[in-house]
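The values are calculated or read from the model by the stated rules, or taken from the named source; none is laboratory data. This structure is a prediction, so every number in the text was calculated from the model and none was measured. So basically every Cβ, Gly included, is an ideal-geometry build from the backbone, and we count neighbours across all protein chains shown. Surface accessibility is based on the protein's heavy atoms, side chains included, excluding ligands, DNA and RNA. Shrake-Rupley method; radii C 1.70, N 1.55, O 1.52, S 1.80 Å.
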Amino acid sequence: MTEARPPVRGRGFAPLRDLPAIGWLGAAAIAAAAHPFLSVPRWLLIHLVVLGAASHSILVWSQFFADTLLHTASRPGDRAGQNLRIGILNVGAVLVVLGVLHAWAPVIVVGSSGVAAAAGWHAFSLHRQLRRALSARFAMIVRYYVAAAALLPLGALLGTLMATGRGEQDPGMLVAHVVTNVLGWLGISVAGTVVTLWPTALRTRLVAGAERAATRALPFLVGGVLLSVAMSLVGMRAGAVAGLVVYLGGLGLLADPFVRSLRAKPASDIATWSLLAGLAWFVAVVVFLAVDLTTAGTWEQAHDRLAWVTPAVAAGFAAQMLVGAMSYLLPVALGGGPSLTRQTNAAMGLGGPARIVLVNGGLLLAVLPSPPTVRALGWALVVVGLAAFLVLALAIGPLAGRAKAVLTAAHDAAPGRPAAAPTPIGERTRAWAVTGLAVVALVVAVGVAAGPAAPASQHGSLQRMVSTGATTTVTVTAKDMRFTPSTVTVPAGNRLVVTVRNADPTTSHDLTFASGARTGLLAPGATGRVDVGVVTADLQGWCSVPGHRQLGMVLAVLVTGEGAGPEGGQTTPSGSAAGPAGAGRLVDLSRSPGPGFTAYPAVLAPAPSGTVHRVRLTVEDVVREVAPGVRQLMWTYDGAVPGPILHGRVGDTFEITLVNRSPMGHSIDFHAGQVAPGPVMRTIGPGGTLLYRFTATHAGVWMYHCSTGPMSVHIANGMFGAVIIDPPGLDRVDREYVLIQSELYLGSQAGPVDADKVRAQRPDLVVFNGYADQYDARPLSARVGERVRIWVLDAGPDRATSFHVVGAAFDTVYAEGAYLLRPGPAAGGSQALGLQVAQGGFVELSFTQPGRYPFVSHVMVDAERGAHGVIDVTG
């Protein structure tokens, strides 16, 4: 047997090159911490770890391992090429994450192409290095890296097809994507590395037969991945399982030398414990995939069960392999002699047993059946355990410098003095491990105690509170404002787990229960899972996207067996169970908006020159203030409420490009255009675009709005605007303003519209241009004798208006395409412009005296709810 030396003393090693991996892990830790509270998508967590941190480290460390194992010197320009590959990979990974988050298909394609190019280049470079190297004992390890890197472009292609919608309805493609990236790119890279890193980290010798086992295992690993991927893509689950079995055979060949090394010298530090735990999670993932595909009745069922894989791969396997490898490699790479290496190893291993227990115990709590509060606290333990490594990894350089100075000073002061005897390793290990276990136990106790209390009706008998220990798993489909099936049954006392597949092509949905358990928002084609917990009485779930519950997106859960019956407060189809009510109490219209407030610009800009107007409207969700101290999550066109005011003349053509940057489906309907509704008013999903072209053939002020159902909710939450088409021969005026009246049905602070209030027609505010009383604080202006034209549109969605200026009379009134009043010797005057919802017109007037002239909706309750402003007239 010969000793395995750490292959990190290769030429040109720079620890700083692995800082991006630490940054990716930090981002993943933040995402994991936010996951239980903000419904961070699982794909983001796994891509931050696998595509970001792990992929970066593989490119860095595999190159250094190859340099050392092959005994080849870097050629001129090799280092620049390596750095360029690493840069391309990281930029590509960032673009992929941003592109998927915002549904930017071109960005996804560019980012995936960058990732594939970097991996392909890396495979080619390593292959060329192999060919020019002399016979090397560990050349087979470099072949692992070549094979793994050659698989990543395929994984990137499959991911791109799914993210851009071409394969989002193909569950087999997701399985192929997971197998390619996790078992291929990541798994084969790790398998090759562990052959030499494992005995090196254990500080033992490479056992006999390890090289032969590695050589024999590689064809099994690569062949298993290719077979499983091919069979998944053609829909043959049995073939996909066969590929996984072949892959497990390859892992079995590598297991023999691995276990013999462990028997020779057991794991005793953070590096080896983390490597051991990470590999255990990896084997569990491969076995789970094989069992999942074997036992699932359909590809869809197999797809739905994959939710468990994400945390196991990201935190269990990939993150812990990185922690283990870097905990060993960083101190060795910093050098400084045996004494300094021991000091930095001790620093990296600070609290190691406790960290291992926290990460793995917390992960088990997060993935196994447990109450939602316990799962959330389990994620917190995972984050704490991983964050401790990040802190130590960033601090290891300065710590090494200080330790070196201390060791040098101690040696100079007393070169013959022996070091103080340390606390026995076994005692320290046990103490830290017991501490970690105590924290996990405390978290379970706190989570159970702090979980949602059972409704009063559940306390009627002790028998109704007893869990059977069994789990009922159901799958429902969300589509066309319905859950299918709409009713599910569960035996009393069973834990209920619901998998939700969003089959709507353009609309996002979720499934929420009153306990707070929810799937998170599911984009079109996405799948989510919600653990309802132990069910002892009938209850109800619903889609919490505003308006969807009111349109019928309700899931009834019926309990069968002893103890079945309605659960208190759970079966009401609407009301406070869906969210906090009474947000109107937050409104104090006597308050001023504050000195930094800017009112919506009411001045009508002149119509642009030319007869064709090309406009790009972007749908985006924006938290905006709608009254002093009241903020709402508004759905907007171009971030404003109302949306942009478009201005033209009869005969002008408008070409509108609508881009959806929101997480749910939206649309647009221009009343000014006479076009077939189907093609241009269709709902487009997140990231979608459409072109809406119309010619304005009639004058007037025309409403545009979102026509996605429920339309009342979309309009009430800000999705409306105006198109003003000047009547031919329109007189010139000195000032021209636009006021659009609408209603606000307030949800929780910084939350979206309360759809129940919309349905009940109970607005909290009625406003001009999106903000209550804003023109009291920032008045419109005029001068005595000037002609003033005020365009008025009632956007609703439900209440009519009677526009009136206090202290003035209108001499010109235009409504719905016709003049109702024009100046003349025998003409009278008008006191109000009455408009129904979606109607518009304008009034003209002059002021004879300076002063502050209020304008209101003369539906006085609406004026008192915010439909009020002032025109400041000066002499």
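Students often check this: by mean Cβ neighbours within 10 Å, which of 739-751, 597-609 ranks highest, and how do the rest follow?
Final packing ranking: 739-751, 597-609.
Gain in length, Thr611 to Thr294, computed as 0.36 nm per residue apart minus the alpha-carbon separation, to one decimal in nm?
Length gained between Thr611 and Thr294: 107.8 nm.
For the pair Asp588 and Leu442, what calculated FRET efficiency results from E = 1/(1 + (r/R0)^6), where r is the Cβ-Cβ distance and R0 = 51 Å, to the nearest 0.05?
Efficiency, from the Cβ-Cβ distance: 0.70.
Mind checking the full-extension length gain between Leu730 and Phe124? Use 0.36 nm per residue of separation minus the Cα-Cα distance, one decimal, nm.
Extra length available between Leu730 and Phe124 comes to 211.1 nm.
Could you look at the stretch 670-827 and say what percent of its accessible area is carbon and sulfur, using a 1.4 Å probe and all protein chains?
After summing per-atom areas, the C and S share lands at 51 percent.
Just grab the label-to-label distance for Ala284 and Arg263, each label 7 Å out from Cα along the Cβ direction, in nm (one decimal).
Using points 7 Å along Cα→Cβ, the separation is 2.5 nm.
Using 0.36 nm times the number of residues separating Ala255 and Ala827, minus their current alpha carbon distance, what extension gain do you get?
Using 0.36 nm per residue and subtracting the Cα-Cα distance, I get 196.0 nm.
What residues qualify as long-range amide H neighbours of Arg693, i.e. H under 5 Å apart, gap of 5 or more or another chain, H built at 1.01 Å from N?
For Arg693, whose amide H was placed from the backbone, the distant partners under 5 Å are Ile656.
Taking just the C-alpha trace of the stretch 97-136, give me its Rg and Dmax in Å.
15.9, 49
Hey, can you grab everything whose amide H is under 5 Å from the amide H of Phe855? Only 5+ residues off in sequence or another chain; H modelled, so Pro and N-termini drop out.
Correct list: Val806, Gly869, Val870, Ile871.
For Ala133 and Thr435, what is the calculated FRET efficiency with R₀ set at 56 Å and r taken between the beta-carbons, to the nearest 0.05?
Calculated transfer efficiency: 0.70.
Could you give the size of the charge dipole of the stretch 117-218 about its Cα centre, using +1 on the Cβ of each K and R and -1 on the Cβ of each D and E, expressed in debye and rounded to the nearest 20?
In debye, rounded to 20, the stretch 117-218 gives about 640.
Please work out the Cα center distance from the stretch 729-759 to the stretch 594-659, rounded to the nearest Å.
So the separation of the two Cα centres works out to 12 Å.
Just order 692-704, 846-858 by mean Cβ neighbour count inside 10 Å, highest at the front, would you?
Highest to lowest by the protection proxy: 692-704, 846-858.
How big is the gap, in Å, between the Cα center of the stretch 225-260 and the Cα center of the stretch 485-522?
When both Cα centres are located, 33 Å separates them.
Per-residue counts of other Cβ atoms within 10 Å, averaged by peptide: what ranking do you get for 22-28, 650-656, 826-832, highest first?
So the order, starting with the most tightly packed, is 22-28, 650-656, 826-832.
Rounded to the nearest 0.05, what FRET efficiency do Gln849 and Phe597 have when you use their Cβ-Cβ distance and R0 = 35 Å?
So the FRET efficiency works out to roughly 0.80.
Taking the Cβ of Pro257 as the center, what net charge do the other residues with Cβ under 12 Å away carry, scoring Lys and Arg +1 and Asp and Glu -1?
So the environment of Pro257 carries a net charge of +3.
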